[in-house]
Amino acid sequence: MVEVSCIDTSAFTAEDYQTILSRLSPLRREKAERYRTGAAAYLSAGAGYLLDCALRRAGFEERDAKYSFGEHGKPMIGGFHFNLSHSGTVAVLATADGEVGVDVEKVVPVGEGLVARVCTKRERALLAGIPDGELPREFFRLWTAKESVGKFLGTGLGGDPKGIEVNLTSPASATCRGKELRAALFEYAIEGYALTACADEPFDARLNVLKFAR
């Protein structure tokens, strides 16, 4: 079963941030401390917090996790399958029994150039019929779906976002370089954001909304 959790880091304080870092592995701490702005560091720490909470439910802590990495850099922890993403002030985590990918993006205005760079001909045709006011939302629905597929595959978009094409009409589906994938897409609702997960197993339709607890 795929489970997706999120946390809004906008209310984090410097003390919250330091407390979270103290609970994380050197890998996750260094990742957060690499950012130069507080907001970005808080996002990275929030992602680590979500992962630590999930691992604690599985019986151990993130600080004790032994990481390995796929060919394209996707992190793994033994048989624990997970994927992280963050944007704006929101961090998200997806966990599953098998491979999983997740992506969240804050919905912001988009230009025609970006649509042309990342969307296939069929995807652009679908967006062409969308009223201007709804275009950003619909674009980021497509974008998060494509990203989640790339992360599910463990390759990312590989510099070729048009290599993955998604169809968000029910049931949602995706192809990679023309080959249909045996995987499903599922969207979750967060005000002002697009959020999509990709996996080859059933989804829990609930979005688990966490708050930082000391």
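Quick check on my filter: what residues within region 42-66 are open to solvent by less than 30 Å² (accessible area, probe 1.4 Å) and in contact with a Leu (Cβ under 8 Å, 6 or more places away or on another chain)?
Passing the criteria: Ala45, Ala47, Gly48, Tyr49, Leu50, Leu51, Asp52, Cys53, Ala54, Glu62, Ala65.
Residues to consider are Ala39, Ala32; find the one that is loosely packed, with under 14 Cβ neighbours inside 10 Å, aliphatic (A, V, I, L, M) and in a helix (DSSP H, G or I).
Ala39
Looking at Gly150 and the list (1) assigned to a helix (DSSP H, G or I); (2) surrounded by fewer than 21 Cβ atoms within 10 Å (Cβ to Cβ), which single condition is not satisfied?
Here Gly150 meets the rest and fails (2).
For region 8-22, what are the residues that are open to solvent by 50 Å² or more (accessible area, probe 1.4 Å) and either under 18 Å from Phe60 (Cβ atoms) or of a type in the set (Ser, Thr, Tyr) (or both)?
Ser10, Thr13, Ser22, listed by residue number.
For region 34-56, enumerate the residues that are over 20 Å from the mean Cα position of the chain (by Cα) and at pLDDT 95 or above.
Arg56
What tally of residues in region 171-202 results from selecting those that are open to solvent by 40 Å² or more (accessible area, probe 1.4 Å), in a strand (DSSP E or B) and under 25 Å from Asp52 (Cα atoms)?
Of the residues in that region, 3 qualify.
Somewhere in region 132-145, is a residue outside any helix (DSSP H, G or I) and either in contact (Cβ under 8 Å) with a residue 12 or more places away in the chain or over 13 Å from the mean Cα position of the chain (by Cα) (or both)?
no
Taking the condition of being of a type in the set (Gly, Ala, Ser) and touching a strand residue (DSSP E or B) at 6+ places or on another chain (Cβ under 8 Å), how many residues in region 55-77 meet it?
Qualifying residue count for the region: 4.
Which residue pairs have Cβ atoms closer than 8 Å, lie 6 or more positions apart in sequence or on different chains, and pair a first residue in region 90-119 that is in a helix (DSSP H, G or I) with a second residue that is surrounded by fewer than 19 Cβ atoms within 10 Å (Cβ to Cβ)?
Correct list of pairs: Val115/Arg124; Val115/Leu127; Ala116/Arg124; Val118/Lys162.
The values are calculated or read from the model by the stated rules, or taken from the named source; none is laboratory data. Keep in mind that what you see is a predicted model, and the values were worked out from it rather than measured. Note that each Cβ is placed from the backbone with ideal geometry, even for glycine, and that neighbours are counted across all protein chains shown. Heavy atoms of the whole protein, side chains included, go into the accessibility calculation; ligands, DNA and RNA do not. Shrake-Rupley method; radii C 1.70, N 1.55, O 1.52, S 1.80 Å.
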